[in-house]
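To keep things clear, I will list the structure first and then write my remarks on it.
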Amino acid sequence: MTAVLSGRSFGWQVVVRIGIFLTFLIGLPLTLYVLDRLNGAEDAAGEAVSLVTATPFGFLLFLLLVASLVRPSWRRMKALGLPGWSGLVVPWLLFADISYIVSSQGGLGFSSSTLDGRIPLYAITALGLILAMVCARPPAEASDGFLRLGLAGRIAAILIALIVLRILFDFGMARWLHSVLLQPEEYAPPAAFTILMRSSYWTYMIGPYICLMLLGVASWCVILSRRDPHLVTAPNPPE
């Protein structure tokens with residue numbers, strides 16, 4: 001039987017995975033840069049960094065990071081008495097902001113999480129959710145998933161669904177736009193494309209608010225879980 005994943009164990013697993021990723025992302029280019037400088041080469045810091053960030057190696061490395069977070073995220077949400085699938089929002093959010101970390105290969109890159117493209121909002125939201133999952137406490141008995149958290153749990157489930165749908169919509173529109181741009185100049189896109197392109201502006205506008213609301217509700221859920229009178233507590237030592 002799989003052991004229940006505690007918040008501390010979950011936190012350490014995430015830290016180790018992100019640490020390994022950053023070691024390759026930053027450490028490898030830095031090592032190559034130092035070796036080049038010691039050999040008298042010209043300043044090639046940009047080339048050293050692009051060796052990881054602008055090649056398939058960096059893309060695959062990031063995919064490995066995302067994939068490695070699937071199991072611990074699932075297990076932690078199950079340990080908190082919530083559906084395991086809801087934990088998949090963490091790796092999903094990180095993947096959605098892949099363009100901030102590496103140059104995506106194979107045409108998988110799509111729109112960023114904010115309209116100006118300056119802030120990796122999805123990745124920040126994922127880190128905030130990881131912190132909430134670390135701090136939250138599990139129930140003492142079998143629970144009804146998000147229902148045990150009352151209104152906060154219901155809102156959290158709705159916001160998670162909205163974020164997932166928004167990312168899918170952005171990805172689909174980016175792919176459709178890419179295919180339209182490859183068409184001849186005389187090609188006229190269908191009316192549905194024009195309507196959806198206009199509506200995509202509003203998804204960019206409300207996206208940051210949805211992420212901020214999710215972080216706020218996640219904090220609310222953490223507080224509720226820590227105030228739950230039915231939490232598992234260590235037995236009092238015998239006198």
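Where a number appears in this text, it was derived from the coordinates with a stated rule and is not lab data. Since this is a predicted model, take the numbers as computed values, not measurements. Please note: Cβ atoms are built from the backbone with ideal geometry, for glycine as well, and neighbour counts cover all protein chains shown.
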Exercise. At what distance in nm do the modelled label points of ASP144 and SER9 sit from each other, each positioned 7 Å from its Cα along Cα→Cβ?
Worked result: 2.9
Exercise. Roughly what would the spin-label model give for CYS135 and MET197, points 7 Å off Cα along C-beta, in nm?
Worked result: 4.3
For this session: Work out from phi, with θ = phi - 60° and the Karplus expression 6.51 cos²θ - 1.76 cosθ + 1.60, the ³J(HN,Hα) of each residue of segment 15-22, listed in order in whole Hz, and give x for Gly and Pro.
Result: 4, 4, 5, 5, x, 5, 4, 5
Problem set entry | For ALA126, net neighbour charge (Lys/Arg +1, Asp/Glu -1) across residues whose Cβ lies under 14 Å away | +1
Exercise. Taking a point 7 angstrom from the Cα of TRP176 along the C-beta vector, which residues in segment 191-206 have backbone N less than 17 Å away?
Worked result: 191-205
For this session: Mind giving me the FRET efficiency for SER219 and PHE24? R0 is 41 Å, r the Cβ-Cβ distance, nearest 0.05 is fine.
Result: 0.80
Exercise. GLY7: net charge of surrounding residues, Cβ under 9 Å, Lys/Arg +1, Asp/Glu -1, itself excluded?
Worked result: +3
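Can you tell me the FRET efficiency between ARG154 and TRP85 if r is taken as the Cβ-Cβ distance and R0 is 22 Å, rounded to the nearest 0.05?
Efficiency for this residue pair is about 0.85.
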